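Nothing in this text is a laboratory measurement; each read-out follows from the coordinates by a stated rule. Here the structure is a predicted model, which is why all the values come from computation and not from measurement. Don't worry about glycine lacking a Cβ; one is built from the backbone with ideal geometry, like all the others, and counts go over all protein chains shown.
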Ligand code: ADP
Ligand code: MG
């Protein structure tokens, strides 16, 4: 089981969009995929058509009350995709976890104890370097970092990489940065092109070749509770995430 955290402490960089649509694209490629929503905003949950307000049990109960992960899962579309949902309950977890034993390892323990096997677990992290993100980094083998190609793109990256190094040295020596993913790219924007080129220069082996374009369909799909491929398979956003999944699987094979 390959566990991948989608992380960046900046909000609005495309974490949730990438988590949902990479997970969906992997499911469409025939893999069994679990998407873990680890953000109290529950955007991935809503984006896959689950009403977060109506949930009795969520990932909160797994982390804080040690409910079995298998008991909170929902089958969503496309076939092969399961969701561990989140809602506002999770915002309390940060504080409640502080006093609990092995608080950084709660998610890892829950995944280790899973009875249903998955090929991939994709974790949608909150926009903060908090205990929830640390739980994701402790559980994961690799991290995907979505980045918007704008002036401040690299700001914060140093801090995120430092957190990854700390988790690696203290809890999870195998943790790798799988890749930086350029999101919401607008080829007509000169600055975006410059930042994209800058990333290529500094991180040649860490950068996904696939670039996610700015595409309004990607912003619309969540309001229909659908992954992009099930909303408009032909649009540039759907094609980009299908391409990302192919690149992702190729990298996995060559590992
Ligand atoms: P994060 O999870 O990092 O906060 P989101 O994935 O929620 O970021 O994206 C922030 C906003 O931008 C959302 O409204 C989302 O629908 C929109 N969005 C994300 N990626 C794209 C894209 N490639 N093109 C257009 N809109 C996008
Ligand atoms: Mg998000």
> Listed highest first by mean packing, meaning other Cβ atoms within 10 Å per residue, what order do 191-199, 15-23 come in?
Replying inline: 15-23, 191-199
>> Mean-square fluctuation check for the chain, GNM, Cα pairs under 10 Å: which of 140, 44, 219 is largest?
In response: 219
> What FRET efficiency would be calculated for the residue pair residue 220, residue 171, taking the C-beta separation as r and a Förster radius of 45 Å, to the nearest 0.05?
Replying inline: 0.70
> Given the alpha-carbon gyration tensor of region 2-254, what are the semi-axes of its equivalent ellipsoid in whole angstrom, ordered largest first, with each equal to the square root of 5 times an eigenvalue?
Replying inline: 27, 21, 16
> On full extension of the chain, what length is gained from residue 246 through residue 233, given 0.36 nm per residue of separation minus the C-alpha to C-alpha distance?
Replying inline: 3.1 nm
> Between region 1-47 and region 112-158, what is the C-alpha centre distance in whole Å?
Replying inline: 9 Å
>> If I stretch the segment between residue 205 and residue 253 completely, what's the gain in nm (0.36 nm per residue apart, minus their alpha carbon distance), one decimal?
In response: 15.7 nm
> Given 0.36 nm per residue, what is the gain on full extension from residue 94 to residue 189 after removing their alpha carbon distance, in nm?
Replying inline: 30.3 nm
> Tell me, 241, 151 in order of fewest to most beta-carbon neighbours within 10 Å?
Replying inline: 151, 241
> Which of the peptides 158-169, 225-236 is most tightly packed, and how do the rest follow, judged by the mean count of other Cβ atoms within 10 Å per residue?
Replying inline: 225-236, 158-169
